[in-house]
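Bear in mind these aren't lab numbers, they're just calculated from the coordinates by the rules spelled out. All figures in this text were calculated on a predicted structure; none of them were measured in a lab. Counting neighbours? That spans all protein chains shown, and the Cβs are built from the backbone with ideal geometry, glycine included.
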Amino acid sequence: MRKMNPIITSLTALILLGTSSVYPAQSAESDRYITVTGIGTVSVIPDALRLYLTVTNLSDKSAPALANVAKTATSVRSALKSEGIAAKDIKSSTLTVYPEYNYTQDKGSVIIGYRATQSFTVLIRKAGSGGKIVESVVGAGAESLQINGIVPFITKGSNVMQEARTAAVADAKSRASSYAKLLGTSLGNVISLIENSAPSYSFPPLGVAKAEDSSTPVIDLGEEIITLSITIKWGLN
């Protein structure tokens, strides 16, 4: 009786059992590693402003109310242009016309006219000129102009984020190196890096604007503190 080769016998048994592939053994990942969270913090003074304006007028009819608002808005745009604000940085956000009422106990709601409004968001790319621009638009709009708010912000956010990431990596590496030294070893290759969340912003009070003329509004830019957290896993030698 002819004897079968034991290797062929084993392969035949695998096929009969329904096994179609043979996988090589995988090397287990080293369990010598350290995971550290690093924090990157960058302080920066805002370099731009968003100015929120509303032009409004109350008239006995809606058409003249809207016409008066259009006339005042044109004056405000001209003032902004004279201060170096480009047309692309002036954006209309609302335009409304509606009846306005006065309520009394004896007569109830009585219409007193029609109010037209047009609101704008203005981008001021040079924060230092904010006070002068506010003064100029108030002069152009007079009693028909309302300033609804002004918000400092950073235009070069990507550069600041890169600084925060650099600081976070340096912080994580410093901590990891310290722990590795205490354990009598050293850092190997980076296994993984995770940016834990979107950066957080805070605004500690710091007045940095200075008006040349005491009659010109002072815009306090403050200081934005951007904080970024990352987690890095290093192998240990």
Between Tyr52 and Ile111, 0.36 nm times their residue separation minus their Cα-Cα distance comes to what? 18.4 nm
What's the local net charge at Arg165, with K and R +1, D and E -1, over the other residues with C-beta under 11 Å away? -3
Between Glu100 and Ser192, what FRET efficiency follows from the Cβ-Cβ distance if R0 is 41 Å, with the result rounded to 0.05? 0.10
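Could you pull out the pairs from Lys88/Lys132; Lys156/Lys181; Lys61/Lys126 whose alpha carbons sit more than 29 Å apart here?
The answer is Lys156/Lys181; Lys61/Lys126.
What ranking of Asp89, Asp106 emerges when the number of other C-beta atoms within 10 Å of each C-beta is taken as an exposure proxy, fewest first?
Asp106, Asp89
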